[in-house]
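Have a look at the structure below before the remarks.
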Amino acid sequence: MSTGTLLSESPPAPARPGRFVDRGAVFAGYVGIGMSVVIAIAFALIIPVQSLVFVAAPLSGLLIGGYANNRSERWRPMRRMFANAAWAGVVTGLSLAVMYILIRLLFVFADTGTMPDGSTLACQTGPDCTYQRYARDPEFADDLVAAGITDGDTLAGAVISDQLNGGLLITMSTLAGALVAAGFRGVRTPPAGTRASGSTVGAGGTTDAGGASAA
């Protein structure tokens, strides 16, 4: 572990910038992937309430968009701030969307037809069992007919289309949240000692975004 982090009086140098986004934003993207896995498992699998995933998406975007620029110590220029937030937001949003879609499809394509009373439907594992399950329920039977769903194959197509649309909404709302975070940071006045480019001035000299120091 770096002694510069634990023992020195000066803070560690900010993450070096990449060609298009700062490395701090790249790291934030990895954090966003982990966060997406946790959200999807918690709200789409353990607590299967789809609406919670859609509520969590823009909130996770706010967090990861702010973290991307905070990790990079980026305040200016604005285009770089928004690029950092957009990268982290897209990576997080896509990860959450993919996890959400996979989990939702798992419920349909791994359906074995087992009913709550312990009986089993005479069906082929997958959408056919899910179709028969809904067709037997008076609450959903009319909805299937209205949607033109008549068998397992048409149900599979409808489910995939619905989940893809949901994944797109998750990705875009996460990205929107990240951009809002960047905009909020952009209208704030940079802290004292912060240059327009994002470099900071400390007691030991000037530290730029690449971590180089000058006395």
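The values are calculated or read from the model by the stated rules, or taken from the named source; none is laboratory data. Owing to the predicted nature of the structure, the values given are computational and were not obtained by experimental measurement. All Cβ positions, even for glycine, are placed from backbone atoms using ideal geometry, and neighbour counts span all protein chains on display.
Summary of computed values
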| item | result |
| --- | --- |
| Those residues of the range 100-129 which are touching a residue at least 12 places away in the same chain (Cβ under 8 Å) and over 33 Å from the mean Cα position of the chain (by Cα), in sequence order | Met115, Leu121, Cys123, Gln124 |
| Tally of residues being under 22 Å from the mean Cα position of the chain (by Cα) and either outside any helix (DSSP H, G or I) or not β-branched (Val, Ile, Thr) (or both) across the range 152-168 | 8 |
| Only listed residue being at pLDDT 90 or above and either more than 30 Å from Thr174 (Cα to Cα) or buried (at least 22 other Cβ atoms within 10 Å of the Cβ) (or both), chosen from Gly126, Gly157, Gly152 | Gly126 |
| Filtered residue count, the range 19-47, keeping only those that are more than 26 Å from Arg185 (Cα to Cα) and in contact (Cβ under 8 Å) with a residue 12 or more places away in the chain | 6 |
| Criterion: touching a strand residue (DSSP E or B) at 6+ places or on another chain (Cβ under 8 Å) and either modelled with pLDDT of 85 or more or assigned to a helix (DSSP H, G or I) (or both) - qualifying residue of Thr112, Thr171 | Thr112 |
| Among (1) surrounded by fewer than 18 Cβ atoms within 10 Å (Cβ to Cβ); (2) part of a helix (DSSP H, G or I), the one test that Val90 misses | (1) |
| Restricting the range 1-48 to residues that are among the hydrophobic types (A, V, I, L, M, F, W, C) and exposed (fewer than 11 other Cβ atoms within 10 Å of the Cβ), the residue that is modelled with the highest pLDDT | Ile46 |
| Residues satisfying the stated conditions in the range 135-151, i.e. in a helix (DSSP H, G or I) and either within 31 Å of the chain's Cα centre (by Cα) or more than 18 Å from Thr112 (Cα to Cα) (or both) | Pro138, Glu139, Phe140, Ala141, Asp142, Asp143, Leu144, Val145, Ala146 |
| Matching residues, the range 180-193, being within 15 Å of the chain's Cα centre (by Cα) and buried (at least 18 other Cβ atoms within 10 Å of the Cβ) | Ala181 |
